[in-house]
Amino acid sequence: YPEALKGSVAVYPPELACRIGLSVLEKSITPDASIFGQIFFVDCEAEHYNYETEEYEKTPVKGGTIFVDPANFYLRNLGSTFNTIVHECVHWHLHRKAFELERLYNEEATQVQCQVSGGIKKGTARSATDWMEWQANALAPRIQMPFHATKIKASEFIREYLGARRTDRVIDVMEPVIEGMATFFGVSKQAAKIRLYE
């Protein structure tokens with residue numbers, strides 16, 4: 001997605017997934033929406049939850065498919081859904097080989113499920129899966145808001161709002177700047193705030 005590095009456009013996660021050969025499907029994964037998304041590395045029978053029948057169903061899925069729980073959007077926001085797609089793209093790009101190694105001794109392994117809590121456990125030994133989750137969580141917002149593009153857009157929004165509010169104090173315009181960044185990059189306000197801080 002080289003055009004996003006120039007600051008002219010934002011990364012559109014479904015397009016990013018398509019460009020790296022992945023397909024994205026909306027599927028309810030659990031009844032409580034505790035799993036945001038899944039990436040399937042191999043063809044398999046995938047389980048998903050059907051709210052109408054209140055039962056799990058199996059569906060044939062091709063390797064390279066991402067399931068995104070639509071509850072992400074309804075319970076949180078579009079930024080959460082987009083973040084989930086990018087998160088799963090990171091797994092595909094960086095963790096596929098590790099997954100293939102796991103399949104050498106565990107043929108049942110077919111996908112990585114990414115839970116709401118995310119991150120890695122504190123105070124315990126960290127597994128390879130914990131590290132993969134940490135890496136995907138850390139990289140997703142940086143992919144959605146590349147450093148150079150974020151600086152360019154932040155400067156544009158700051159100039160625009162300083163002029164509109166007739167002030168020279170950046171602190172006075174940070175709230176609309178954060179909102180503008182979140183809208184432009186398709187992320188949550190919290191993600192935009194954290195990335196601006198970085």
Checklist outcome for this item: Here, Glu198 and Arg103, labelled 7 Å along Cα→Cβ, have an inter-label distance in nm of 3.0 nm
Next on the checklist: Only sites in a loop by DSSP and with at most 14 other Cβ atoms within 10 Å count here; which chymotrypsin sites (Phe, Trp or Tyr not before Pro) in segment 27-86 make the cut?
Outcome noted: Tyr51
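Fully extended, how many nm does the chain gain between Thr53 and Glu26 (0.36 nm per residue separation, minus their Cα-Cα distance)? Each step should come with its number before you reach the end.
Working: separation 27, 0.36 × 27 = 9.72 nm, distance 1.72 nm.
Length gained, Thr53 through Glu26: 8.0 nm.
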Next on the checklist: Please report the carbon-and-sulfur percent of the accessible area for the chain; probe 1.4 Å, protein heavy atoms only, DNA, RNA and ligands left out.
Outcome noted: 54 percent
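Tally Lys/Arg at +1 and Asp/Glu at -1 over every other residue whose Cβ is under 12 Å from the Cβ of Met145; what's the total? Could the numbers behind the result be given before it?
Numbers: positive: Arg142, Lys151, Lys153, Lys193, Arg195; negative: Glu198.
Neighbourhood net charge equals +4.
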Item to check | Accessible area per residue in Å² at 1.4 Å probe, computed on segment 1-91 | outcome: 49 Å²
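Taking only DSSP H segments of four or more residues, each worth -39500 (n - 2.57), what value at 222 nm results for the chain once the sum is divided by all its residues, to the nearest 500 deg cm²/dmol?
On the way: 7 runs with 97 residues, N = 198.
Result for the chain: -16000 deg cm²/dmol, rounded to the nearest 500.
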Item to check | Under 5 Å, built H, 5+ apart or other chain: amide partners of Asp43 | outcome: Gly63
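Restricting attention to segment 1-76, which GluC sites (Glu not before Pro) occupy a DSSP loop and are surrounded by at most 14 other Cβ atoms within 10 Å?
Values: sites: Glu3, Glu15, Glu26, Glu45, Glu47, Glu52, Glu54, Glu55, Glu57; in loops: Glu52, Glu54.
In loop regions of segment 1-76 (DSSP not H, G, I, E or B), the sparsely surrounded GluC sites (Glu not before Pro) are Glu52, Glu54.
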Next on the checklist: Greater than 22 Å separation of Cα atoms is the criterion. Which listed pairs, Lys6/Lys151; Lys27/Lys189; Lys27/Lys193; Lys97/Lys151; Lys58/Lys97; Lys153/Lys189, meet it?
Outcome noted: Lys27/Lys189; Lys27/Lys193; Lys97/Lys151; Lys58/Lys97
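The values are calculated or read from the model by the stated rules, or taken from the named source; none is laboratory data. Here the structure is a predicted model, which is why all the values come from computation and not from measurement. Ideal geometry is used to build each Cβ from the backbone, glycine not excepted, and the neighbour counts take in all protein chains shown. Ligands, DNA and RNA are stripped out before the accessible areas are found, and what is left, the full protein with its side chains, is counted by its heavy atoms. Shrake-Rupley method; radii C 1.70, N 1.55, O 1.52, S 1.80 Å.
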